[in-house]
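In what follows, a single structure is set out as C-alpha cells and then discussed.
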C-alpha cells in the first residue's frame, strides 16, 4: 500500500523512479549525464522556493510570501505584536477569517470583540476580513487566493494548499509579523520527498483514507519531518482537485514543512470555476528530478482507514480493527490510563456489541471533512436512511457558504437532514474542542484533522475523557446508515457519482471586506475590554538562572497540552489571561510555580534585592560563586526565569501561544531531547526563550535551579557544547546544546523577544 525508500531517488519524465544506487540508469534513459546537485533543482518545490528567495543563496533561504492568512484565535496577537514593532500597513494580502472563536465558549462579549477588532484592523492597515460562519480559513484561501507557483504563510498549522500548486506553510504568529514588517522567513533549504502516487482510489475510498495511510507510514520515523512533500506520479490525475485538497490538508500531521502537487487540467478547471483561471500554471518536475526520499503509494490498494486515539498516526484499516476489536481497543484503554494519570478512564470494550463497535457521535467538518465532494458522498449514503433516535448523532459542517449553497441547491442538505443529521455553518470548532464536544467516555468518529488528547474538548486531568477516532466522511456516513455501528464504506455501493460543483461567490461579494491596498491610517483600532497589549519582557543577560517548573517525560508533548484548545481560545487576545491555562491539563501546578519565578525576575528588573525577596537564592548564589569565574557574580545582573523539560514538545498546532504563554509568566528556556516541529521551536525563539537540547537523561527535578553562565557568548559560538550546572547540595555539571539558529534568531533571543528586537532596530 505505502512503501518508503531507504535512499533518495531520481524521477525521470515524471513517471519512472530510479533509486539513487542505480543512478547510472538515468543517463541510459535520458542520454545525458545528470548530477544529484543539478537534479535537485528539478523538483517543483525548488523552483517555487527559488522564485521567492531573496538571499541569493539557495542553501539559506530568505523567503517572501505572496499572501498570508490568520483566524480569530491568532490575528489579534499578531496585529498587536506587529503594531508594537512599528507596522504601518499590511504589505501583502492578509486574510483575517473568523472560523474559530465563532461561538461564545466562555460567555460575554470577548469573542465578538475580537471580530470587531479584526474588521477595524482590516480597515486601518488594508486587509481582507471574512465574517464568522462564512468560511473556514483554508477553504476560503483555496477558493480565493491559492494559485500555481505561489507561496502563502498562515498562522494555523493546517495552512496547506499544495494541491492548488501553492507551497503553503503554517507557522506561529512571529513569522507572520516578520512578513508584515517586510522581513523574511529564514530557513535552511528543506529536503524534498517525493510522494509518488500510482493507480486510482476505489470509489469507497476517500481523501482521509489516503492521508491516514501516509501519516501512519511516516510520522513515527520522522521520514518527512521539516521536509517538503511533493506529490507526483500518474495517480495524481486520478483524483479531482477537491479530493486532493482533502489529502493535502492532512499532511501537517506528518510534521512536514510544506507540500506541493503537480498540476493538471483539473487544477485549471478548479481555478476557472472560481473565476481565477489566470492563477493556473502547469507545474511538473523537470525531466530528471532528484528527491531525498520517496513515499510510494499504490492508490488502488488503500482501504478505508481509521486513526484511533490519540494521534492521527495510530492507524488501522477499518476491516482490521473490526476483526480484532477487543485486542486493539484494550491497548487504547491502557494508553488512556497513562494520559489521564489515573484521573479518568476510557471504556471502549463495553461498546463492543453483537453487531460491532457502537459509536456515540460522528462529525464531518472543517478544512478536511467539509469539502463539497465529502459532504455530497455522505448525502448519497444517507439518502432515505435513518440514523436513529438513540445516543448516536451526526453533525455536518460544510466548509464555506458557497459550498453550503451548492449542496443545498442540489438537495444534499435535505437528504442529510431527513436522515437525522444536524447541519451547521462553517466553523472549525470540532477540530479544536469548541464545538460538538463528545460525552465523557464516549467514542466520536470524525472527518477532521486531529485526535490528540484534550483536543476535542475533554479534560483528562479533571476526570473528563472521551475518545476521538479519525475516519473519512464515506465510512462515517456508512456508520451512520448502520445506526452508529462502526462500518467501512466498502460495504456500500453508492459512491463516485458526484455532480460537478458550481461556485457562487455572491455571499463573499456581499459580506467579505476586501481592503487590501485601501488602508486608512486615520482609522482607529476597536478594542474590547479583554484585548490587552503584550507585557514587557527582559533582554537576555550574560548569565541566567533557570528554575525547573515542569518535567514532562511523555514521548511527545502536543501544543494542546502546552496551552489547551477549546474554551480557552476565547482568551487568546489577552496574553496574561490565557497564560493562566498553560499546561493546565497536564501539570496544573506549573502556572503557580512559573509566576513565582516571574515575581523574582520582575523584582530584579525593578532594582529590588532578589535575595531578600527569596531567601533560598542566598544559598543558590553562594553555590554559584564557588564555580570558576563566577566569584563576583551579581544577582541583580542575572536574569531569572522558569524552565520546562519535555522529551519532544510541540507536535500539533502552529499557535504561538504555546510559547508566548510560557514567556509572559516567566518562561526563559526549554530543555528537550528534540523539538517535534520547526514551528514550535520558532515560536520559542520569537518569544525570547532559549531552545536548549540535551542528549543525556535529565538528572534534575521540579524545584531545582540550573545556572547557565555566558549564555550570550554561547549564542555567538557554535552552540554545540554549553556548560550548565544543576544546583543542589553541590553543583552538578550539565551538558546542553542548541541546534542551528539564524543570526536574527540569535538577536531576537538576546533582545528578549521579537517585539524588543524590532524596537531596537
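Multiply the residue gap between residue 284 and residue 353 by 0.36 nm, knock off their C-alpha separation, and tell me the result in nm, one decimal place.
Values: separation 69, 0.36 × 69 = 24.84 nm, distance 5.02 nm.
Going from the current span to full extension adds 19.8 nm.
If you average the sequence gap of Cα pairs under 8 Å that are 6 or more apart and divide by the length of region 1-153, what percent do you get for the contact order? Don't skip to the answer; put the middle values down first.
On the way: 166 pairs, mean separation 31.2, N = 153.
It comes to 20 percent, rounded to a whole number.
Which distance in Å, rounded to a whole number, links the C-alpha centroids of region 471-543 and region 228-266?
First find each Cα centre; the distance between them is then 19 Å.
Between residue 343 and residue 51, what length comes free when the chain is fully extended (0.36 nm per residue of separation minus the Cα-Cα distance, one decimal in nm)?
Working it through step by step, the gained length comes to 99.9 nm.
Could you list 160, 761, 585 so that the one with the fewest beta carbons within 10 Å of its beta carbon is first and the one with the most is last?
Arranged by neighbour count, lowest to highest, 160, 761, 585 become 761, 585, 160.
Taking square-rooted eigenvalues a ≥ b ≥ c of the alpha carbon gyration tensor, is region 543-760 rounded, prolate or oblate, where a/c under 1.5 means rounded and, failing that, a/b exceeding b/c means prolate?
Details: a/c = 1.45, a/b = 1.33, b/c = 1.09.
Rounded shape, in that the Cα axes give a/c under 1.5.
Using the Cα atoms of region 623-685 to build a convex hull, what is its mean projected area in square nanometres?
5.5
Can you give the extra length, in nm with one decimal, that the chain gains between residue 391 and residue 618 once fully stretched, where that is 0.36 nm per residue apart less the Cα-Cα distance?
75.6 nm
What list do you get for 527, 125, 145 if you sort them by fewest beta carbons within 10 Å?
Working: 527 16, 125 25, 145 22.
Least crowded to most crowded, the residues run 527, 145, 125.
Pairs of Cα atoms under 8 Å, at least six residues apart: use those to get the relative contact order of the chain, whole percent.
15
State the Cα centre-to-centre distance between region 614-673 and region 583-610 in whole Å.
10
What is the calculated FRET efficiency for residue 576 to residue 330, with r their C-beta to C-beta distance and R₀ = 51 Å, to the nearest 0.05?
Working from the Cβ atoms, E equals 0.70.
Can you classify region 36-183 as rounded, prolate or oblate using the Cα gyration tensor, where a ≥ b ≥ c are the square roots of its eigenvalues, rounded means a/c under 1.5, and otherwise it's prolate if a/b beats b/c and oblate if not?
Judged from the Cα gyration tensor, region 36-183 comes out prolate (a/c at least 1.5, a/b above b/c).
Test of understanding: ordering 415, 72 by Cβ neighbours within 10 Å, fewest first, what list do you get?
The order, fewest Cβ neighbours first, is 415, 72.
For labels at residue 526 and residue 188 in the simple 7 Å Cα→Cβ model, what's the distance in nm?
For the pair residue 526/residue 188, the computed spacing is 4.7 nm.
Find, to one decimal place in angstroms, the Kirkwood hydrodynamic radius of the chain, where the mean of 1/r is taken over every pair of different Cα atoms and then inverted. Don't skip to the answer; put the middle values down first.
Details: mean 1/r = 0.0375 Å⁻¹.
Over the chain, the inverse of the mean reciprocal pair distance is 26.7 Å.
When only Cα pairs under 8 Å and 6 or more residues apart are kept, what is the percent relative contact order across region 63-185? Before the final figure, lay out each step's value.
Details: 228 pairs, mean separation 41.3, N = 123.
After rounding, I find 34 percent.
Extending each Cα 7 Å along its Cβ direction at residue 409 and residue 737, get the distance between those two points in nm, one decimal.
So the two model labels end up 6.0 nm from each other.
Determine the percent antiparallel among the DSSP beta bridges restricted to the chain, to the nearest 5.
On the way: 40 of 102 bridges.
If I count the DSSP bridges inside the chain, around 40 percent turn out antiparallel.
Describe numerically, in nm with one decimal, the distance between label points set 7 Å from Cα along Cα→Cβ at residue 634 and at residue 29.
If labels sit at residue 634 and residue 29, their model points lie 6.8 nm apart.
First check a/c for region 307-506, with a ≥ b ≥ c the square roots of the eigenvalues of its C-alpha gyration tensor; if it is under 1.5, answer rounded, and if not, answer prolate when a/b is larger than b/c or oblate otherwise.
prolate
Can you give me the Cα centroid spacing of region 309-330 and region 119-158 in angstrom?
That distance is 36 Å.
Bear in mind that the values in this text are calculations on the coordinates, not laboratory data. The model shown is predicted, which means the values in this text are computed figures rather than measured ones. Please note: Cβ atoms are built from the backbone with ideal geometry, for glycine as well, and neighbour counts cover all protein chains shown.
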